[in-house]
Each structure stands twice: as structure tokens, then as C-alpha cells.
Amino acid sequence: MKIRDWKNHYNPILLLCIIVAFCAALWLMQIRIGIEKRNDTVEQVIDYQGILMLAQREGRDSGRLLEQFKEAGVTTLIVYDSTLEKLDREGRIAAMPGDVLQKAAFGIHRGAFDALLPLYEINPDAVYVAHGNDEDAWEETKEDLYLRYGADRIKTVSLNPEILEVRGDSRVLLEPDYRAKTPMMQAPLGLSVKELQEVQKAGFLAAIRPQNYLPYSRDAVNSLFKRVDRAGVQVTTYIPCGTDVIGYPQDIDYMGKMLSERNIRLGLLEHVTQLQFANFDGLDALLRSVNNNAVRVLNIDAQENSKLMMEDALRRWALADEERNIRVNYVRLFLKPQHAIDVIDLNLQYMRQITEQVKGRGYKIGVAGVFQKPGAEKSPSVNGNPGFNGSYNPARGMLLLVALGTWAALALYLGILYPEANGKKQYLLVIAGMLVTGFCLFMGRGLSVRQGLAFMSAVLYPVLSISVIMFLWEDIRSDDRSLTGILLTALWQLALAVGLSLVGATLNGSIMGDLRFLLEADIYRGVKLTFVMPVILTVLLFLRRYSIFPETTEGASGLFSQFAKICKTKLTLGHFVLLGVLLFAAYIFVGRSGHTGGVPVPAIEIKLRLFLEQVMYARPREKEFMIGHPAFFLAVYAAYRQAPNICKLVLVLGAVIGQGSLVQTFCHMRTPAMMSYIRALDGYLLGAGLGIIAVIVVSILMPYIKPWLRRFTVNE
């Protein structure tokens with residue numbers, strides 16, 4: 001095609017705008033890649049009480065078992081709130097429900113309530129608490145009881161010895177009752193200074209999971225951090241527990257201030273759907289309060305973990321660290337033997353293999369790394385944790401330049417669809433779009449407009465890349481090209497299409513390249529629509545330029561006349577069968593996208609994914625190498641063999657699915673940018689291989705297909 005013809009379709013000024021935007025996007029992407037590369041440390045975490053209980057059940061020395069887990073790669077132990085039941089079991093205090101105490105014989109419970117039984121009428125709807133063998137635990141328990149339940153529910157019923165009566169739910173449950181609030185014996189109290197110090201003495205870092213205080217008071221937060229400070233331990237992370245964060249609802253900023261002063265990271269537990277986080281009220285507000293000083297945490301649900309075999313669970317950790325920027329591996333222990341391996345040996349082996357795989361992917365083991373703006377290496381450490389240099393946000397001027405590429409792409413598409421809109425109308429659209437974008441960016445964070453720009457890039461660039469290829473096909477005048485020539489042409493044309501789509505992908509990756517997107521606190525919206533819209537826009541573009549009916553013309557009038565003819569077509573049983581097949585394919589195609597489609601993945605596909613994860617650096621997406629790229633090769637073959645336009649349309653739609661999937665990969669901001677680029681390359685290589693096979697098979701079958709194809713197109 002002559003250069004003049006290209007200028008008629010692709011406005012050079014708009015192309016220049018895209019080049020400028022692409023350069024700005026590359027600049028922002030290299031900053032993002034640097035931020036991601038510096039975040040290279042993974043923290044490995046297990047519940048402290050879980051290890052102690054495992055040692056107790058298996059008759060092992062807890063100190064030695066802790067040492068073995070440390071050698072296996074565990075860096076950090078999680079400390080939860082104490083409970084009356086736990087403290088009583090350890091003998092650090094004495095606690096007993098009123099109804100049990102009422103029935104107790106004189107002298108029960110190590111004599112803790114001897115003074116009370118003969119003198120006081122026991123309330124069955126209360127819990128009684130007295131000294132044990134740990135004076136510090138007694139003082140902490142008293143403080144926690146008043147903070148948790150208030151003075152109006154607590155009464156001192158004996159001064160010598162001191163015994164407290166706490167009115168409320170005195171049940172002791174064997175199984176959790178999720179329909180009601182936890183009874184007092186098993187309800188959270190507060191962190192234990194002794195436990196924190198035991199963790200440090202064993203050579204571990206500490207992470208904390210205290211629950212919010214109901215009713216909340218600032219004194220409760222102060223008490224929490226006084227204990228952390230008094231323990232003198234290195235606390236790396238606060239992971240919320242229960243239903244809300246500490247400080248919710250009215251004092252989240254104060255909680256954020258206390259965390260920031262100690263450089264304690266906020267742990268964001270990844271949701272089971274792998275989309276954002278487990279739902280804690282106030283979590284997003286707390287994340288903003290700590291200026292995004294947070295880490296992504298992976299934890300396998302307890303019920304799921306109980307059903308998993310060790311080798312199945314093992315696959316998740318290092319892969320999640322690399323592909324989803326997980327930086328805290330919160331590992332649950334297995335509680336029953338597997339493969340004739342006892343539980344302690346099983347868990348130690350499990351932990352060692354996780355550590356080996358994480359290190360094998362190039363990560364260090366230590367305090368979890370965080371995303372932060374460049375210059376973090378100059379920030380002093382606080383609380384022993386590496387310094388936090390602040391949240392990274394791309395320069396607004398650079399984002400505005402990137403936006404230029406999206407508006408120019410929209411103007412280009414409309415100019416191809418309606419050539420009469422070329423020139424001044426295209427420029428006016430770009431100017432208006434840039435004014436709106438600039439206003440939103442400079443008046444605030446511009447989240448909505450950035451998500452809109454990302455959506456337009458994800459939708460338009462796959463279509464534009466395919467449109468360039470279709471323009472190349474216009475020079476085809478005969479079907480005499482050899483099969484080898486067609487395959488070589490398809491290879492470079494697919495490479496060109498992938499390269500053009502990557503322009504849009506790079507725009508996307510930079511538009512959403514701030515810390516909140518990297519942490520997935522903000523996410524790309526409209527995933528399912530992103531898969532559908534390129535198909536619709538490509539149909540319009542194809543029908544605008546090609547006629548699928550012999551008697552209709554090309555161009556704008558032809559576009560509407562073809563739609564009119566489609567609407568007037570008499571439906572037969574064959575049409576309904578074809579429509580049913582297409583609807584089923586669309587259901588699978590759209591339903592499998594995102595995280596909540598509900599369409600199950602076949603077992604054979606799961607095995608294929610696992611195989612590709614083993615043999616390739618970044619497993620390509622099925623929509624690219626199994627659908628899009630093979631369809632692209634077949635579309636090139638159809639174009640050079642001058643197949644009917646209806647056949648080319650079907651194949652072109654398959655090809656644009658692959659390009660759309662490629663761009664949409666970059667909308668998953670939790671995935672490192674370099675991995676997304678490599679995934680696109682892997683998809684090209686694998687898809688090209690399958691495409692070559694598909695073309696060879698079709699070429700062999702073509703003598704048998706051609707007669708049927710001619711009859712079909714004539715009838716249609």
C-alpha cells in the first residue's frame with residue numbers, strides 16, 4: 001500500500017502523539033520496574049502458638065522445634081491476642097466460668113478460688129478470674145478486661161486474694177459459633193509481653209494480629225503499643241484479625257500514626273479469589289493513613305489447607321511471590337500425616353522446600369520488602385525494619401503525556417471507521433480529552449479518569465493493531481504465494497501486531513503505575529467488558545471495509561446495509577445451532593475472565609498450566625496461544641488464499657481476542673511489568689508454533705473444505 005493511502009487512514013499527527021505518549025510511558029515503566037526489582041525480600045511466617053501446640057501434641061521439645069523451623073526458613077512468628085482459656089491452661093492466671101465454679105468441690109483449681117466458694121454466691125453468667133503464677137500476666141489481664149468489657153461489668157469480689165467477676169457469656173465452646181460473639185473465656189484480650197519476648201528469644205521476628213476493641217477507646221491502642229515497646233522486640237507487620245482493623249471506626253488515623261512511628265508494615269491478606277484483600281472494615285482508610293507502607297500477604301484458608309496435599313500447596317508460594325508480588329508467606333501447618341510422613345517431619349520438609357523455591361526465583365529471605373518511591377536505600381531503618389521512603393505516585397505531567405496516546409488512539413479508530421471525521425474533528429476530540437484528563441489529574445488523584453484511560457487503551461490498541469494487518473492484506477491480488485511464504489509472512493505480521501498491542505499495554509502499565517495499584521488497593525475495572533469490546537469494535541471495522549454479502553457495498557453505507565441484511569435473514573435450524581455454539585463460546589470466553597465468573601477450569605487445563613509454569617519463565621495466557629495467535633495465522637492464510645470474507649471475519653475476531661488478552665495482562669498491576677512483557681513473548685512463541693501447525697493441517701484439508709465452503713457462502 002502506498003504511503004499516501006496510509007496517511008489517509010492513519011493521521012501522522014496522531015501517530016506522532018502516540019509515539020510521544022509511548023516514550024513517556026516507557027519512562028514511567030522503567031521507574032516502576034526499578035521499584036519492583038528493589039522489592040526482593042520475602043518474609044516467611046508461622047503462628048507461634050501453632051508450633052507450640054504441634055510440639056505439645058507430638059511430645060517434642062518446643063525449643064528444639066522452634067530452632068528447626070528457623071533453620072527451615074521461617075523468619076517470623078505471629079502473636080495473637082491472649083485469651084482467658086489459654087492463660088488459665090498455662091497456669092499464668094486462674095479463670096473459670098461461674099456455672100463450673102458453682103458445681104466445684106472445695107479446693108478445686110489449685111486453690112485459686114478457695115476464699116470465694118464458701119463466702120460468695122456464684123453467678124453462673126459470669127467468669128471469675130484470679131492470680132496464677134505470673135504477676136505480669138495478671139496485671140495485663142486486669143487491664144485488658146477493663147478495656148474490653150468496661151468497669152460496669154467487672155466487680156472485685158475478693159481482695160485477698162484478689163478475684164474479679166466479669167459478667168457475660170461464660171460458655172466454653174468446643175467448636176466456634178460463627179452466629180454469635182465469642183464467649184469471654186475464648187474472646188481476645190490483648191497481646192502478651194511475655195509471648196513477644198519468647199519469640200525474640202527464640203531468634204525470630206514478630207508479627208502481630210490483635211483484634212479491635214469493642215467498645216473502642218484510644219487507651220486500648222495506647223495499651224497495645226506500650227506492650228510492644230515494653231517487649232522490646234522487632235515487630236515487622238500488623239495483620240488485621242477479626243472483622244475490622246484496630247481504631248475502626250473513629251480513630252484509624254491514630255492507629256496509622258502509631259504504626260508509622262514504629263515502621264510496622266500493614267499486612268494485606270490476599271482474598272481467596274486473588275482479587276484485592278480479605279474484607280476488614282477500615283482497611284483501606286488505614287492503608288491510606290500509613291501512606292501505603294504495606295505488604296501483600298498470602299495465606300491458604302484453614303479449611304482448604306486441611307484438604308490439600310503438601311505437593312499441591314507447595315506450588316503456590318514461590319509462584320505467588322513472583323507473579324502476584326506476595327511478600328509475606330503466611331504458612332499454615334499440616335495437622336495430619338501424609339505419604340507415611342509424620343506431621344513434624346512433613347511440616348519441616350514443607351517449609352524447607354518453600355524456602356528453596358523462593359530463593360530459586362531470586363528472592364532473599366528476611367523482613368518483607370515494600371513498594372516505595374526511589375531513594376529507599378537512603379532511608380534509615382526504624383524498629384530494625386528497612387526504612388520506608390514514602391509512597392510512589394507517577395508525575396502528573398508524565399501521566400498527562402501518556403493520556404495523549406489513549407485519546408489519539410480513540411481519534412484514530414473513529415477516523416478509520418468514519419473517514420469524513422478525519423482532521424479537525426480528530427484534533428478537537430484529542431484536545432477535549434486532554435483538557436478533561438488534565439483537570440482531573442491536577443485537581444486530585446484522577447483515579448476515575450485513569451481507569452477510564454486504561455480501559456480505552458485496553459480496548460482500542462488490540463483493534464488498531466489488527467486494523468494495520470488488515471490494511472496490509474489489501475495489497476493481496478492473487479493466491480499464488482507458497483505455504484512457506486504465508487507462514488513467514490504470518491510470523492512477522494503477528495510480531496508486528498504484538499508489538500503494536502504492547503504499545504497500548506505499556507500505556508496501561510504506566511497509567512496505573514502507582515503504589516495503590518501495585519498493592520491492588522485500587523484495581524482495574526471492567527475486565528469482562530475489556531474482552532468483549534475489542535470484538536465488537538473489530539466487527540464494525542471489518543464490516544466498514546469489507547462486505548460479507550455479495551450484493552452489499554463497502555464503506556459506511558455498506559456497514560449499515562450489511563446490518564440490515566443480517567436483521568432480515570430468515571432463521572433456520574442451522575442458524576439456531578450456530579447461535580447456540582457462539583453463545584456457549586461467549587459464556588466460556590467472558591465467564592472465564594476476571595475472578596468471579598464461576599466457570600470451572602477443566603482438570604486437563606490445570607495440568608497444562610502446571611506444565612507451562614515449569615517449562616516457561618512466565619506461563620502465557622490460553623486466550624493468546626490457544627485461540628488468538630493460531631487464529632491470526634489462519635486469518636493470514638485465509639487472506640492470502642482469498643477465502644470468503646465471512647471466513648476472514650471469524651478468524652480476525654479470534655485474532656483480536658489474543659491481542660486483547662495480551663493488553664489485558666498489563667491491567668493486572670500486581671504482576672511485575674517485566675514478567676508481563678516476557679509472558680507476551682512466551683505467548684507469541686507458543687502461539688506461533690500452534691499457528692504453524694494449524695495452517696499446515698488446514699492446507700492439507702483444504703481440497704476437501706473448499707467445495708463445502710463455496711456452497712455455504714453461496715447459500716448465505
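The values are calculated or read from the model by the stated rules, or taken from the named source; none is laboratory data. Keep in mind that what you see is a predicted model, and the values were worked out from it rather than measured. Positions of Cβ are generated from backbone atoms using ideal geometry, with glycine treated the same way; all protein chains shown enter the neighbour counts. To get the accessible areas, we keep the full protein, side chains included, count just its heavy atoms, and leave off ligands, DNA and RNA. Shrake-Rupley method; radii C 1.70, N 1.55, O 1.52, S 1.80 Å.
Global size of segment 21-155: 24.7, 85 Å for Rg and Dmax (C-alpha atoms, Rg to one decimal, Dmax whole). When the pairs LYS528/LYS623; LYS86/LYS194; LYS86/LYS201; LYS70/LYS181; LYS226/LYS373; LYS201/LYS226 are compared against a 25 Å limit on Cα-Cα distance, LYS70/LYS181; LYS226/LYS373 fall above it. Here segment 282-393 is treated as a sphere whose radius is the Kirkwood value from Cα pairs; by Stokes-Einstein at 4 °C and 1.567 mPa s it diffuses with a coefficient of 81 µm²/s. Kindly express, to the nearest 10 degrees and within the range 0 to 90, the angle between helix 343-360's C-alpha long axis and the longest C-alpha principal axis of the chain. Here the helix axis deviates by roughly 40 degrees.
Sequentially through segment 193-203, phi angles give Karplus couplings (6.51, -1.76, 1.60; θ = phi - 60°) of 4, 4, 4, 4, 5, 4, 4, 5, 4, 7, x Hz, Gly and Pro residues having no value and appearing as x. Once the mean of 1/r is taken over each pair of separate Cα atoms and inverted, segment 199-297 shows a Kirkwood hydrodynamic radius of 13.7 Å.
The radius of gyration of the Cα set in segment 332-407, together with its Dmax, comes out at 21.4, 62 angstrom. Taking amide hydrogens as placed 1.01 Å from N in the peptide plane, the amide H of SER158 sits under 5 Å from those of ILE163, each at least 5 positions away in sequence or on another chain. Per atom type, segment 126-282 shows carbon and sulfur on 50% of its accessible surface, probed at 1.4 Å.
In this calculation the C-beta distance from LYS70 to TRP492 is compared with R0 = 56 Å, giving a FRET efficiency of 0.55. In this structure the amide hydrogen of ASP47, modeled in the peptide plane, comes within under 5 Å of the amide hydrogens of ILE78, none closer than 5 places in sequence on its chain. Per residue, the chain exposes 45 Å² of accessible surface when a 1.4 Å probe is rolled over the protein heavy atoms with every protein chain present. All C-alpha pair distances within segment 502-544, sorted into 10 Å bins from zero, spread as 23, 39, 27, 10, 1 percent across the bins.
In deg cm²/dmol and to the nearest 500, what is the mean residue ellipticity at 222 nm of the chain if only DSSP H runs of at least 4 residues count, each as -39500 (n - 2.57), divided by the residue total? About -18500 deg cm²/dmol.
The C-alpha atoms of the chain define a longest principal axis, and helix 310-323 lies at about 70 degrees to it.
Protein heavy-atom surface of segment 380-503, 1.4 angstrom probe: 70% of the accessible area is carbon and sulfur, with nucleic acids and ligands not counted. Legend: Rg and Dmax of segment 425-502, from Cα coordinates, 18.8, 60 Å.
What do you get for the angle between helix 252-261 and the principal long axis of the chain? Use alpha-carbon atoms, 0 to 90 degrees, nearest ten. Tilt relative to the chain: about 80 degrees. Note that the chain shows a convex hull volume over its alpha carbon atoms of 196 Å³ per residue. Scalar couplings 3J(HN,Hα) for segment 431-439, obtained by applying the Karplus form with A = 6.51, B = -1.76, C = 1.60 to θ = phi - 60°, are 4, 4, x, 5, 5, 5, 4, x, 4 Hz; x denotes Gly and Pro.
Considering only trypsin sites (Lys or Arg not before Pro) in DSSP loops that have at most 10 other Cβ atoms within 10 Å, the longest stretch of the chain without any of them is 182-476. Accessible area per residue (1.4 Å probe, heavy atoms of protein chains only) ranks GLU195, GLU139, GLU356 as GLU356, GLU139, GLU195, with the largest value leading.
Residues whose amide H falls under 5 Å from that of ARG92, counting only those 5 or more places apart or on a different chain, are ASN133, with hydrogens built in the peptide plane.
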